[in-house]
1. If one puts a single equal scatterer on every Cα of segment 70-196 and applies the Debye formula without solvent, what log₁₀ I(q)/I(0) results at q = 0.11, 0.16, 0.18 Å⁻¹?
2. In percent, what relative contact order does the chain have, based on Cα pairs under 8 Å that are 6 or more apart in sequence?
3. Where only protein heavy atoms count, and the probe is 1.4 Å, what is the accessible area per residue for segment 128-298 in Å²?
4. Computed over the Cα atoms of segment 128-298, what is the convex hull's projected area averaged over all directions, in nm²?
5. For segment 113-251, with only Lys/Arg (+1) and Asp/Glu (-1) charged at the beta-carbon, what is the dipole magnitude about the Cα centre, in debye rounded to 20?
6. Among bridges DSSP assigns within segment 128-298, what percent are antiparallel (round to 5)?
7. Over the alpha carbons of the chain, what is the largest minus smallest coordinate on each principal axis, giving the biggest first in Å?
8. Trypsin sites (Lys or Arg not before Pro), restricted to segment 131-201: which are DSSP loop and have at most 14 other Cβ atoms within 10 Å?
Amino acid sequence: MQENIIILGIETSCDETSAAVIQNGKLLSNIVFTQEIHKEYGGTVPELASRAHIKYIVPTVAKALEVANIHKKDISGIAFTQGPGLPGALVVGCGYAKGLALGLNVPLLAVHHIKAHILAHFIEEPKPKFPFLCLTVSGGHTLIVLVKSVYDMEIIGSTQDDAAGEAFDKAAKMLGLPYPGGPLIDKYAKNGVSGQHNFPMPQMPNYDYSFSGIKTAILYYLQKKERENPHFIKENLANLCCDIQKHIVKILFQKLTKAAEELQIDQIAIAGGVSANSALRKRLENESESRDWEIYLPAFEFCTDNAAMVAMAGYYDYLIAKFAPQNVTPDPRLTF
Ligand code: KG4
Ligand code: ZN
């Protein structure tokens with residue numbers, strides 16, 4: 001008889017407390033609690049994130065088990081985000097997973113957060129075929145990853161400074177929008193027209209990115225325009241959002257199309273929080289038509305941080321018995 005593998009996934013790397021259950025590779029529940037407390041500070045406050053994780057992890061896991069209709073004693077393994085992420089936030093998920101795994105006498109599965117974002121593509125059909133390129137864009141990372149198999153991923157390009165999500169959030173802050181600003185730029189851009197505000201393209205070698213120059217260019221541009229007209233941002237918000245968003249997407253695609261052409265890969269995926277961006281998704285659809293790409297866009301709930309992707313990554317580790325020891329520690333800078 002086939003083994004019944006039930007994985008509980010736990011994600012606490014940043015400001016989402018999340019738990020999910022996967023049975024034999026099929027998602028049964030995915031509970032995401034987004035911590036609202038950071039909004040008033042204009043960014044994630046690490047200590048507040050840790051405290052909120054402590055407060056919400058128990059009810060979040062209980063809810064995930066309840067929705068999945070799974071009893072604790074039926075769990076086969078516990079997957080948690082080992083890193084990268086905020087140190088204190090990771091400690092909460094890691095400590096909780098260790099305690100529960102010890103109590104239930106089941107193996108621990110230590111998951112890499114960014115790899116989990118990529119493996120979110122294996123939660124639903126259609127799944128990408130290997131090898132595929134995954135543009136992995138979050139608040140902390142901007143990577144082009146060559147995915148040769150579930151267990152074999154290679155970073156072929158990365159940002160040398162800010163991440164794409166950071167560029168969205170910092171630009172939003174300059175426009176007076178609250179944190180996290182990425183989704184708000186997306187929202188306001190829907191009512192804007194593009195082509196009125198231009199920003200420079202970064203000059204980076206190979207498949208690498210840079211977003212810090214854009215941030216400065218946007219800042220100087222806004223300062224200059226506001227000196228001429230103190231209501232400039234207010235009067236042009238939608239159009240500014242539209243052009244800033246379009247520009248960030250243009251930068252992302254410049255290297256993605258280069259990599260796809262040079263490596264002759266036509267399976268293209270996007271992952272991470274920024275992959276929820278509507279202009280990025282639209283551009284990917286347009287490119288897929290003109291370039292004959294097969295594209296993979298995760299459902300919105302699997303773009304931003306969630307435990308379903310952690311459970312999925314843990315499930316694959318479970319299949320090859322890649323278990324973490326009880327003395328495993330979180331690693332805020334866990335390498336790929
Ligand atoms: O993957 P994620 O949830 O957390 C990290 O691992 O960093 O990504 C969060 C990032 C934030 O910078 C947020 O502004 C951005 O994803 N983001 C978006 C959108 N939704 C989330 N950026 C642009 N457009 C969106 N719709
Ligand atoms: Zn993430």
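1. -0.58, -1.02, -1.12
2. 26 percent
3. 45 Å²
4. Hull-based average projected area comes out at 9.5 nm².
5. So the magnitude is around 260 debye.
6. Roughly 60 percent of the beta bridges in segment 128-298 run antiparallel, per DSSP.
7. So the three principal-axis extents are 69, 46, 30 Å.
8. Filter output for segment 131-201: Lys190.
The values are calculated or read from the model by the stated rules, or taken from the named source; none is laboratory data. Only a predicted model underlies this, so the values are computations on that prediction, with no experimental measurement involved. So basically every Cβ, Gly included, is an ideal-geometry build from the backbone, and we count neighbours across all protein chains shown. Note: areas computed on protein heavy atoms with side chains; ligands, DNA, RNA excluded. Shrake-Rupley method; radii C 1.70, N 1.55, O 1.52, S 1.80 Å.
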